[in-house]
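Below is one structure, written out as structure tokens, with a few remarks after it.
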Amino acid sequence: MTQEHPALALRGLAKRFDTKVAVAGVDLDVPAGSFYGLLGPNGAGKTTTLSMAVGLLRPDAGQARVLGYDVWADPVRAKGLLGVMPDGVRLFDRLSGAELLAYHGLLRGMDPAVVEQRAAELLDVLALTDAGRTLVVDYSAGMKKKIGLACALLHGPRLLVLDEPFEAVDPVSAALIRDILHRYVTGGGTVVFSSHVMEVVERLCSHVAILADGTIKRVGTLGQVRGDRSLEEVFVEVVGGRTATGEELSWLSR
Amino acid sequence: MAVPVTEPAAPAAPAGPARRVAAPHFVRLKLRVLGNNFRGQSWRIALFVVGVLVGLWFATGGFFALAAPGLAGEPRYALLTAAFGGGLLVLGWLLLPLVFFGVDETLDPARFALLPLTRRTLVTGLFAAALVSVPVLTTLVAVSGLVVTAGALGGWSAGLVAVAGVAAGLLLCVAAARAVTSAFATMLRSRRVRDLAAVLLAVVAALLGPLQIAVLAAVRQADWDRLTGVARVIGWTPFGAPWTAGIDVAEGRVWAGPVKLLITVLTIGALLLWWSRSLESAMVGAASAGPARDRRGPAGGAVAQLFPRAVGWARRDRFGALVARECRYWWRDARRRANLITIAVVGVFVPVMVNLGGSRLATDGGQAFGEATADSSPVLVSLSMLFVGVLASVTLANQFGFDGSAYAANVVAGVPGRLELRARMTAFSLYVVPILGVVAVVLATLLEHPAWLGVMAGALLAAYGSGLAINAFVSVLGAYALPETSNPFAMNTGAGVAKSFLTLLSMVASAAAAVPMVVAAALLGDLWLWLALPVGVAHGLGAALLGSYLAGDVLDRRQPELLAAVTPRR
């Protein structure tokens, strides 16, 4: 039955913090099997939207459905299909990489033998085996992203939601993460990730949505959104940035 | 705490004459941060106001106690109240932050690491900022009673010396609190000396024992000459010097006033120097908890590594994983470890003091040693055990705050609330129940009443279990974010009052839930010696299970809200 449903469907999601409206009614359909990029400048509401979509932040209004299951009404079913890598959230970082994976796997109700096997494989592929029993808190930023991704992948979710997966990652690790995500999508999974790096989005995504000021400004396949221009041009036009005239900040050049 | 540091601490660009950064900037910055924290959070303001009012209530009591000798014109009590009252105050400032309350780290030293400030500027600035707090205000109100006493007994000159003394004494209190917590934080951070730190903490707590015994002895015998002698000695230590300076002048020893002020100032200087030493390591070492330990190569698979040997019995499922992770955290997280050490130290020493305090006294008084333990009784023992059990469980009052935003992993995985709470209680109990057992055995041995072991263990477990239940609710409903610093004693602004309130509330409620154990000890006599242990175990276990059952429901409904509450604002 899940084939008829989009992998992720957001309807009218809204959230305000005190007086500031962070997300003002987001509607989004992420087709199953797509590689979906959520683009937006800093403070556009990307993290808030994704947090509400995966059950980390209660929305003021609206619905989020994962393959047809309501994240807020039927969290157990929905969360079982989800793999999440939040940004700006700590991991249980006083565990070693292997311990952290075991924790996540068992928490998802997986069989210990399967956890052992998959954890070893993931650590190997992500080149984290050398870290041995180093605690995750002592990992580098890129290693933390990789172990976070491993935790999200471990239980074989149908939908992967990643917040800024390429932030602070070196090119080698980024290439590795890209390859893994590609294989995941080829194998029938769906990926939604947020970013503000155009190159990555242009290279990876089949679909794109541009979010600014808490609303979706453009949405569609990469070709539809981009047209015959570069994605960056479209993005700057939609978001509406300012350019330095050269007059201000003159004290910088001395 | 990401406050735009626009005006005060931001140094002017290297170009042009840089404006000097001084203490007032830090004070203004702290006030600004405090104000911003209150913005739009009416419950925080309400808590703050209530905290101030309660503080002032106690402060007024202290004021009249310290002013009484002057108001009543009883010069012979003046020195006593000043030396003992003031000494206790300093001791409180020294120990309470370590044991209970933590220090307000609104201005986290680590945030200043990148600014071109000399260590001297930084220490004086942070010190000045530390003076802007409710406890300092209340202490000031209380000790100004000493000025009244000195003024009433010795006129203007004595009053003025007392003003200087009281001000210096207040500075001493704050400097002592800062220096000691900072030093202990450094020690607990470093893996090499953290055990030494635990021992030191124990020694510090042990110092309370002789002091209490001395005070009790003095009060009992009411030997004023001897007491005055003790007070005079205390008056020449940093504990009493600032408070007694004015009294000395009033009593005609004019030369003593300046000398005592000098003692105080030198002590403050030494404390600030000490503080500035450990401050440096707090600024630099904030990023990491130290170098990776000697870690042997992978032993067994991932799951085998997660489970410590003590949790080997647990099934390899969700519950087991939660327990194993919590167990690892109670040891690896400096903040949690500090709490465990506190439980162990306070848990052993307080009951020993309460129950043996009287008996040593009896031997002091020259009575036969056989009667020495006559002071203690099953009721008194049960009461002190109640305190220890409640104290141990109150550590969990903000158990989700320890996790911070990492708790998101459990929310994403959709861990049921009851399972979560039961696992957390189990993991904590794996550490605490053995500690409680040691407490009971040590005390029974010291009291030479092995037969009371059951009563003690019963009261301990009943209080501990009730506490677990109450704190399950408190931790779900009253969670707050802990700052992400490496100082295990640090708290967020405004959290101080909230924390104290929640702690008090949950301690009172837990104690009330376990009071039947004390009543039974008083009413049932010898029968209770046999019944106490099974009843206590059943009481504690039942309460804990019921608590996790009911609070688990609340948790299920509040998971995202709880996550938001424990995520530090950045």
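The values are calculated or read from the model by the stated rules, or taken from the named source; none is laboratory data. Because the structure is predicted, anything quoted here is derived from the model rather than measured. Using ideal geometry, Cβ is built from the backbone for each residue, glycine included, and neighbour counts are taken over all protein chains shown.
Per-structure values
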{"quantity": "First in the stretch A:124-136 and in contact (Cβ under 8 Å) with a residue 12 or more places away in the chain and assigned by TED's automatic domain parsing to the domain that holds A:VAL172, second anywhere and assigned to a strand (DSSP E or B) and acidic (Asp, Glu), Cβ under 8 Å, 6 or more apart", "calculated": "none"}
{"quantity": "Test: residue in the stretch A:30-46 that is assigned to a helix (DSSP H, G or I) and crowded, with 20+ Cβ neighbours inside 10 Å", "calculated": "yes"}
{"quantity": "Failed item, numbered, when A:LYS145 is tested on (1) surrounded by fewer than 23 Cβ atoms within 10 Å (Cβ to Cβ); (2) more than 9 Å from every other protein chain (Cβ to nearest Cβ)", "calculated": "(1)"}
{"quantity": "Residue match in the stretch B:414-423 (condition: away from chain A (no Cβ under 14 Å) and surrounded by 24 or more Cβ atoms within 10 Å (Cβ to Cβ))", "calculated": "yes"}
{"quantity": "Selected residue [in a helix (DSSP H, G or I), without any contact (Cβ under 8 Å) to a residue 24 or more places away in the chain and surrounded by fewer than 22 Cβ atoms within 10 Å (Cβ to Cβ)] from A:ALA73, A:ALA102, A:ALA113", "calculated": "A:ALA113"}
{"quantity": "Residue ID - modelled with the lowest pLDDT, chosen from residues in the stretch B:363-393 that are more than 27 Å from B:LEU524 (Cβ to Cβ) and part of a helix (DSSP H, G or I)", "calculated": "B:PHE369"}
{"quantity": "Subset of the stretch A:52-95 [away from chain B (no Cβ under 11 Å) and of a type outside the set (A, V, I, L, M)]", "calculated": "A:ASP60, A:GLY62, A:GLN63, A:ARG65, A:GLY68, A:TYR69, A:ASP70"}
{"quantity": "Single residue of A:PRO75, A:PRO112, A:PRO171 found to be modelled with pLDDT of 90 or more and in the same structural domain as A:VAL200 (by TED's automatic domain parsing)", "calculated": "A:PRO75"}
{"quantity": "Tally of residues being surrounded by 18 or more Cβ atoms within 10 Å (Cβ to Cβ) and out of contact with any Gly (no Cβ under 9 Å at 6 or more places or on another chain) across the stretch B:23-32", "calculated": "1"}
{"quantity": "Filter result for B:ALA338 (assigned to a helix (DSSP H, G or I), at pLDDT below 80 and not assigned by TED's automatic domain parsing to the domain that holds B:ALA183)", "calculated": "yes"}
{"quantity": "Some residue of the stretch A:206-219 being surrounded by 17 or more Cβ atoms within 10 Å (Cβ to Cβ) and over 18 Å from A:LEU10 (Cβ atoms)", "calculated": "no"}
{"quantity": "Checking A:LEU154 against (1) away from chain B (no Cβ under 12 Å); (2) of a type in the set (A, V, I, L, M); (3) surrounded by 23 or more Cβ atoms within 10 Å (Cβ to Cβ), the condition it does not meet", "calculated": "(1)"}
{"quantity": "Boolean, A:ARG65 is of a type in the set (Lys, Arg), outside any helix (DSSP H, G or I) and either in contact with a Gly (Cβ under 7 Å, 6 or more places away or on another chain) or closer than 30 Å to B:ARG316 by Cα (or both)", "calculated": "no"}
{"quantity": "For A:THR134: the one exception among (1) more than 30 Å from A:GLY45 (Cβ to Cβ); (2) among the polar types (S, T, N, Q); (3) more than 7 Å from chain B (Cβ to nearest Cβ)", "calculated": "(3)"}
{"quantity": "Test set (1) crowded, with 23+ Cβ neighbours inside 10 Å; (2) at pLDDT below 90; (3) of a type in the set (Val, Ile, Thr) - A:VAL137 fails condition number", "calculated": "(1)"}
{"quantity": "Matching residues, the stretch B:437-450, being surrounded by fewer than 24 Cβ atoms within 10 Å (Cβ to Cβ) and either assigned to a helix (DSSP H, G or I) or among the hydrophobic types (A, V, I, L, M, F, W, C) (or both)", "calculated": "B:GLY437, B:VAL438, B:VAL441, B:VAL442, B:ALA444, B:THR445, B:LEU446, B:LEU447, B:PRO450"}
{"quantity": "Flag for B:LEU273 being modelled with pLDDT of 85 or more, surrounded by 14 or more Cβ atoms within 10 Å (Cβ to Cβ) and either away from chain A (no Cβ under 14 Å) or under 30 Å from B:GLY159 (Cα atoms) (or both)", "calculated": "no"}
{"quantity": "Exclusive hit being β-branched (Val, Ile, Thr), assigned by TED's automatic domain parsing to the domain that holds B:GLY257, more than 24 Å from the chain's Cα centre (by Cα) and modelled with pLDDT under 85, set B:THR181, B:THR228", "calculated": "B:THR228"}
{"quantity": "Single unsatisfied condition, A:THR49 versus (1) of a type in the set (Ser, Thr, Tyr); (2) away from chain B (no Cβ under 14 Å); (3) over 19 Å from A:ASP163 (Cα atoms)", "calculated": "(3)"}
